[in-house]
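For reference, the structure discussed in these notes is given below.
The values are calculated or read from the model by the stated rules, or taken from the named source; none is laboratory data. These numbers were taken from a predicted model, which means no experiment stands behind them. Every residue, glycine as well, gets a Cβ built from its backbone with ideal geometry; the counts of neighbours run over all protein chains shown.
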Amino acid sequence: MLLIVILISQAFGDQLILSQILWRHGARTPLHCNWKCKEFEKEGMLNGYLTPTGMRQHYVLGQWLRKRYIEDLKLLSSIYDESEIYIESTDVNRTIMSALSNLQGLYPIGTGPKVNPNLNHSYLLPPNKIEFEDFGNEAIPGFLQVVPVHVREKKADIYLRGYDAIACPRNEEIINNNVNSILYHEINNKSKPLIQDFAEQIGIDASLLNITDLYEYQDTFDSCQFNGYQMPNLKETTKYQMKLLQYLYFSLEHNIDFDQARLLATPFFTKVLENMDNVAKNQTKHKFRIFSAHDTTVELILNALNLTTVECLKQVYFKEEVKNKNCIYTFPGYASNIIFELYRKSAQYDQYYVQVLYNGTLMPICGNQYKCDYQEFVDIIEFQNVKNYEDECWITPKSEQQIATWLVVTISVALTLLLMFSLCIIYLLIRQRRLDLYSKGVQQFEA
């Protein structure tokens, strides 16, 4: 189906001018101390490091991107051109390594640069004393291509880690309110049978568990499943319910409603629109933007695009009628990705449209349309973006805001008092001058 869409687009001459992809890192080691915790701790595995499975996942995704954007749509050059691509990652090992693995699939061995054959070989060596091995004209053996990946420190990464309290201080309160909300307790109470069933199967006390714990267990099971670690022998019905609950809880914790989603998604969407605008106005040569991030980032953007919500996930989990027919209810697994493509219409050079793909499948946006007029897409995103993100996210701490307010009030009062004092002085001076003139006049009259 996707190939047919590509061929039709090419037949009519619409030109892809920009692609932006947000992805989750590949498979990693566990993060939570629950199932097989002591074994994982002993082996130093509770660190969330990218595993060989995760490297392979992203390498293959890179191959898919090469076929789509180099071979089929001709967006990128067949060899790496730094003016065409810009890669950003969160400052976390697994996302950086996922990006590097992906780029080896996008620009595989054999596509790397060559050294000047006429260059003196001594120039190819570092100043350290070392025996020289002649690699011929390969800059790196196998013509390996090296590609830069850019990162920001956590507190500055509002684009890819806006859900983190370090980047958005208000998020700590948001999460705390969400996991103490009426909805949380409703879902937790209705999940008691699942909690009891799960606890019996793995041999632990059900009274010690809630849906937060089940989410963390499922996160560990995902890691075990994809990396070949030992798994518990759970019933298939339990596994299915655990997977549904995993996504429901995850969304419940991070963005229980659309207002939270739009707040935390604002920086990322601002960046996406800025990149589109720059390309449309020929203000940049970058045609391919990569954002290497986390499941939380992917889920947030899906929610902000109305492709999933806590409400529809709750309806799926409790087997109710699902009102949002576009609801994505499967958790964004390792290497899941969202792609934003900007096309220029063939018949109208200054007219554009946007397509959104999730894991390679076109998604209905802008009123269930697969092609969204560029200006309509911009209007929708700008309308839902918050206008004062830094204030609403408490980027400036409340204490500083209070100090600033106190200073403004203090200065205002001081200026007011100074003005009143000045007016009093002026009044007294004028009054004294009039008295002096009056006294002088009386004296002249008496004389």
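A compact table of results
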| quantity | calculated |
| --- | --- |
| Hey, F383 part of a helix (DSSP H, G or I), of a type in the set (F, W, Y), surrounded by fewer than 17 Cβ atoms within 10 Å (Cβ to Cβ) and in the same structural domain as Q57 (by TED's automatic domain parsing) or not | yes |
| Pairs, first assigned to a strand (DSSP E or B) in segment 110-137, second surrounded by 10 or more Cβ atoms within 10 Å (Cβ to Cβ) and among the acidic types (D, E), C-beta under 8 Å, six or more apart | K114/E138 |
| Subset of segment 165-185 [assigned to a loop (DSSP other than H, G, I, E, B) and surrounded by 20 or more Cβ atoms within 10 Å (Cβ to Cβ)] | A167, C168 |
| Positions within segment 42-68 being modelled with pLDDT under 95 and in a helix (DSSP H, G or I), in sequence order | K42 |
| Qualifying residue in segment 403-410 (condition: in a helix (DSSP H, G or I), at pLDDT 95 or above and under 30 Å from P169 (Cα atoms)) | no |
| Matching residues, segment 248-275, being over 17 Å from the mean Cα position of the chain (by Cα) and either under 30 Å from S77 (Cα atoms) or assigned to a helix (DSSP H, G or I) (or both) | L248, Y249, L252 |
| Residue within segment 319-327 that is of a type in the set (D, E) and within 26 Å of I158 (Cβ to Cβ) present | no |
| The listed residue being assigned to a loop (DSSP other than H, G, I, E, B) and farther than 13 Å from R94 by Cα, out of K74, K38 | K74 |
| In segment 345-354, the residues that are surrounded by 17 or more Cβ atoms within 10 Å (Cβ to Cβ) and over 15 Å from I301 (Cβ atoms) | K345, Y352, Y353 |
| Residue check, I195 β-branched (V, I, T), in a helix (DSSP H, G or I) and farther than 30 Å from S89 by Cα | yes |
| Subset of segment 75-104 that is within 12 Å of V146 (Cα to Cα) and not aliphatic (A, V, I, L, M) - its residue that is surrounded by the most Cβ atoms within 10 Å (Cβ to Cβ) | N102 |
| Matching residues in segment 35-69 - criterion: being buried (at least 18 other Cβ atoms within 10 Å of the Cβ) and under 18 Å from L357 (Cβ atoms) | Q57, H58, L61, G62, L65, R66, R68, Y69 |
| K325 at pLDDT 95 or above, farther than 23 Å from D164 by Cβ and more than 15 Å from the chain's Cα centre (by Cα) | no |
| Unmet requirement for C312, which otherwise passes all of (1) crowded, with 20+ Cβ neighbours inside 10 Å; (2) touching a residue at least 24 places away in the same chain (Cβ under 8 Å) | (2) |
| Unmet criterion (only one of (1) out of contact with any Phe, Trp or Tyr (no Cβ under 6 Å at 6 or more places or on another chain); (2) part of a strand (DSSP E or B)) for Y353 | (1) |
| Pair list, Cβ < 9 Å and 6+ apart or interchain, from segment 93-109 residues that are farther than 14 Å from Y80 by Cα to residues that are among the charged types (D, E, K, R) | R94/R28; T95/R24; S98/R24; A99/E88; S101/R56 |
| Residue, nearest to T361 (Cα to Cα), within segment 77-102, restricted to residues that are among the polar types (S, T, N, Q) and assigned to a helix (DSSP H, G or I) | N102 |
| Hits in segment 311-344 (condition: under 25 Å from P30 (Cα atoms) and in contact with an Asp or Glu (Cβ under 9 Å, 6 or more places away or on another chain)) | F331, P332, G333, Y334, S336 |
